[in-house]
Amino acid sequence: MKPAPFTYHDPPTVSEALGLLAEHGGDAAVLAGGQSLIPLMNLRLARPGVVVDVNRVAGLDHVEIGSAVVRIGATARLADLERHEGLAEVLPVLPAAIRHVAHPQIRNRTTLGGSISHADPSAELPAVLLATGGRVRLESVRGSRRVPAGDFFLSPFRTSRRPDELLTSVEFPIGGGLRFLMDEVARREGGLPVVSVVLGVRTGARGRVAEARAAASGVADRPVRLRRLERGLTGADLGDPAVRRAAADRAGHGLEPPDDLRGGGAYRVSLLRALVERLLEGAAA
Ligand SMILES: Cc1cc2nc3c(=O)[nH]c(=O)nc-3n(C[C@H](O)[C@H](O)[C@H](O)COP(=O)(O)OP(=O)(O)OC[C@H]3O[C@@H](n4cnc5c(N)ncnc54)[C@H](O)[C@@H]3O)c2cc1C
């Protein structure tokens, strides 16, 4: 199928892109990697009257590594982030998660900002953002604001971004001593996961967990923090398999995952449990 008619703009600067979004608001769609938007338009599930292509906007694909924060421009391609040496050093969970996203050809086009803005409740990168305590920067002609991941993802494919706002960068805190790992189960290589889990652990005195942060995708209508798991892990000795098993058993309590074509709710809870146990084993090692 072909998309419904639309007007195309490819502004060279952020301010021109913001001007277009201010003018066309809810009738405009931002085009980044196009790996989700274009199929949706071709299927006529999205019918924007105006497309604002941000691929030509200068300076929006930066990677800045500071002492406390990694700031990545919205149009940075996943393939570039996957191979970025500095990122592999300070935030290895991001390239690790990116390797699970789709296939190399798709990662060559997909942008970090597009993956976060698309807000697929099964996607890996929103869960990484949530687990690490990251936030997004949104800009409009009215000004800019930073929104924590927990306030950004609202429901499937819906975020707190306003129609005239452009997501310009994504920020991940680093240097807090948490070591993050992620894993997932997908029905086939390169497909969206049924469930993915991101777990960060900081070890304290006598090898016990001083702090834990965890998030999952595929178990709710948006990526969610696994707060019950986090609380239960504090003070735990991950060297003990019984402790890891008990923590994994509790991870899905209170969650009511959706039933859909990729998996039923009970199956998703059992995957979550298995993934958490596997990650805890990795954290113990
Ligand atoms: C075969 C296949 C397999 C895939 N597998 C996975 C997978 O395993 N995991 C996964 O997470 N994804 C997967 N995807 C989705 C893919 O990674 C998407 O392309 C991605 O989610 C969107 O990124 P994009 O840069 O292509 O954005 P686009 O498709 O250009 O845009 C997506 C949405 O975000 C909005 N948007 C984009 N950039 C901005 C911005 N800067 N500011 C505001 N709004 C913006 C657009 O308007 C649109 O609504 C797969 C896709 C395909 C085709």
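Readers should treat all values here as calculations from the given coordinates under stated rules, not as data from a laboratory. Note that the structure is a prediction, hence the values are computed from the model and not measured. Because the Cβ atoms are built from the backbone with ideal geometry, glycine has one as well, and the counts that use them run over all protein chains shown.
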Next on the checklist: With 10 angstrom as the radius, rank PHE153, PHE180, PHE6 by how many other C-beta atoms surround their C-beta, starting from the fewest.
Outcome noted: PHE6, PHE180, PHE153
Checklist entry - Using modelled backbone amide H atoms (1.01 Å from N, in-plane), which distant-in-sequence or interchain residues come within less than 5 Å of VAL219's amide H? => result none
Next on the checklist: Give me the percent relative contact order of the stretch 63-173, please, defined on Cα pairs under 8 angstrom at least 6 residues apart.
Outcome noted: 30 percent
Checklist entry - Over the Cα atoms of the chain, Rg to Rh with Kirkwood Rh, two decimal places? => result 0.99
Checklist entry - Given H placed on each backbone N at 1.01 Å, which residues far from VAL51 in sequence or on other chains put an amide H within less than 5 Å of it? => result THR7, TYR8, HIS9, ALA29
Item to check | Calculated P(r) tail over 23 Å for the stretch 63-173, as whole % of Cα pairs | outcome: 21 percent
Next on the checklist: Under 8 Å for C-alpha pairs, at least 6 residues apart: give me the relative contact order for the chain, rounded to a whole percent.
Outcome noted: 15 percent
Checklist outcome for this item: Expressed in angstrom and rounded, the centroid-to-centroid distance over alpha carbons for the stretch 224-276 and the stretch 158-190 is 20 Å
Checklist entry - What residues have an amide H closer than 5 Å to that of LEU154, excluding those fewer than 5 places away on the same chain, when H is modeled at 1.01 Å from N in the peptide plane? => result THR159, SER160
Item to check | Cut-off 15 Å between beta-carbons: net charge of the residues surrounding LEU280, Lys and Arg +1, Asp and Glu -1 | outcome: +3
Checklist outcome for this item: Note to self: Kirkwood Rh of the stretch 153-285, Cα pairs, one decimal, Å, is 15.8 Å
Checklist outcome for this item: To the nearest 10 degrees, the tilt of helix 14-24 (Cα long axis) against the first principal axis of the alpha carbons of the chain is 70 degrees
Checklist entry - Mind listing which trypsin sites (Lys or Arg not before Pro) in the stretch 150-207 are in a DSSP loop and have 12 or fewer other Cβ atoms within 10 Å? => result ARG187, ARG188
